[in-house]
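The values are calculated or read from the model by the stated rules, or taken from the named source; none is laboratory data. Only a predicted model underlies this, so the values are computations on that prediction, with no experimental measurement involved. No Cβ is skipped: glycine too gets one built from the backbone with ideal geometry, and neighbour counts run over all protein chains shown.
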């Protein structure tokens, strides 16, 4: 046949397909215009832990007011305990958790409650080291997540780091990795997420390397790093910026950056840094100066209690009131502020800091028990110890007149001068010196805390390293002022939507490949080099099966060639990146009968009886079909039949006149939900 003849046949076949039913339909998701007025939603860059103890808690209020910025949240609701076996113990009642969970779900923010390690030191390591106890623990966690309807779980197991001792890490680390992988697989099988919270690592072998970020990186969905508590025992920054960045920079070399959340403290600490004394060495007053009124006495006691205490913690939301409390009441008698707390910004640490120092002058009750030796009728007594002796204390003992006080003493010679002479000789006689004594001391303190500016500074690391976001400790304790600038920043780094187009035919022939085209655009431009996946779900099923993957070309398109054996739905899916969101598109497709034709392939003698056999897939006993011949008037039916047991129908025809080619087709009718299909054959006579 000439090329012209073959082209004519192809045109007729295409015309015949169109005559069978609906034409091929292509449906493509249409992206928003490049100049659309609506900006992308702000990046959901906030996560964190919180004490969600009621629907009215501060944590809940923060979440509800800022739900557009949260990617997920972890209520502190569980502790892993040991009672002969591992037990996950809830912190609040079922009714409380149910009510709070309902409120959180109303925000649309995924819930990954935290489980802390409440076992004795070394016990969790032992649980994970045994295959049987590890599996039992995994099953408990998965059951808790699925039964309670959570989106996943967060593990905050800190005893490895802070209780077990570094000598145990080498043996604990492989057990930990095995546990995380096993738990991850079990949770992912249920469509749930796994978050892991750990202290920082600096290299694979420095920092808290027992947590082995590289080992667990492929299994976790979130890695939350506790980049705070840099200074605990002595005054210093809570979360120095350079240190946080160092940890973040290393984390993204061990775990996919899109999984990493850096911890942000919503608190501060105020340390007592020193005390100097005047008067009684090494002692501060305990009461206000003599003559103070009740209000002054109370104010003196309150101020002294605050400044003389050890390390004090306060929330970022309560920082202003805490600073104010340090100087109230500043007007009390006996209190003199040498340095009033003035909050300043530390540009290196990117934290707030302030110093305080106050002098307290008052009295304290002193009591010194010792023995003394003296002649009768003398005011000079030699004692064994002057201890914390001060002038003015009362003196009691045998040979001492009532009302006697100390007028002076020599700590070196141990000679004490009394206000009244003795009434008898003293020989190692027990003596007591007691009473209120004047005392003065100056107390100094230094504080650091993270506020709204601190959070904003750390949030910039999200864009620098393409992190998932920040994790606040704690949600509800943060400064309210952080939210507005954080939202503005989140808008500037918001990922653009990804428009996913999926073009498939309205129907596909049984078992035969056809073209499915995935087209990706973002911000109005084609997305090149993106890996897209094509999934399939049979009608009546809920399970998706991965069919194939590929990478889009420079035009943002990817052509795939699937085949189907039933009606169902295709899904094109592309993962998100830092700059754009993940996207999917679903397209349904009907199943069409595939018709295979067997008959003479070579020229036959004219007017010869020829059998044309049609084979239908899928096999449907009794499926109606018809044999048609192409004429000047189009396709004309010349015979009908019904499929036999093996899905075949046979038709007998006469071959055409010598040198003539006649086109036949067998059309399988739409039957039992399967779209009509056709098969073609051309008979020639020689």
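Descriptive notes on the structure:
- Matching residues in segment 576-603 - criterion: being over 30 Å from residue 663 (Cα atoms) and in contact (Cβ under 8 Å) with a residue 24 or more places away in the chain: 576, 577, 578, 579, 580, 581, 582, 583, 584, 585, 586, 587
- In summary, residue 409 fulfils each of the numbered conditions (1) in the same structural domain as residue 278 (by TED's automatic domain parsing); (2) over 58 Å from the mean Cα position of the chain (by Cα) with the single exception of condition (1).
So that you can scan it fast, the table gives a plain yes or no per residue for (1) exposed (fewer than 14 other Cβ atoms within 10 Å of the Cβ); (2) closer than 30 Å to residue 216 by Cβ:
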residue: 245; (1), (2): no, yes
residue: 250; (1), (2): no, yes
residue: 269; (1), (2): no, no
residue: 282; (1), (2): yes, no
residue: 308; (1), (2): no, no
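- When 387, 392, 334 are checked against the criterion of being closer than 30 Å to residue 308 by Cα, in contact with a helix residue (DSSP H, G or I) (Cβ under 8 Å, 6 or more places away or on another chain) and at pLDDT below 95, a single residue qualifies: 334.
- Residue in segment 590-604 that is loosely packed, with under 14 Cβ neighbours inside 10 Å and in a loop (DSSP other than H, G, I, E, B) present: yes
- Residue check for residue 235: in a loop (DSSP other than H, G, I, E, B) and in contact with a helix residue (DSSP H, G or I) (Cβ under 6 Å, 6 or more places away or on another chain): no
- Residue that is farthest from residue 269 (Cα to Cα) [pool: residues in segment 284-317 that are without any contact (Cβ under 8 Å) to a residue 40 or more places away in the chain and under 48 Å from the mean Cα position of the chain (by Cα)]: 298
- Among the residues making up segment 497-519, a single one is surrounded by fewer than 20 Cβ atoms within 10 Å (Cβ to Cβ) and either farther than 30 Å from residue 668 by Cα or free of Cβ contacts under 8 Å to residues at least 40 places away in the same chain (or both): 497.
- Residues of segment 240-247 include at least one that is part of a loop (DSSP other than H, G, I, E, B) and either in contact (Cβ under 8 Å) with a residue 60 or more places away in the chain or in contact with a strand residue (DSSP E or B) (Cβ under 9 Å, 6 or more places away or on another chain) (or both).
- Among strands (runs of 3 or more DSSP E) entirely within segment 398-455, having at least 2 residues that are touching a residue at least 12 places away in the same chain (Cβ under 8 Å), more than 30 Å from residue 360 (Cα to Cα) and in contact with a strand residue (DSSP E or B) (Cβ under 9 Å, 6 or more places away or on another chain) singles out 426-449.
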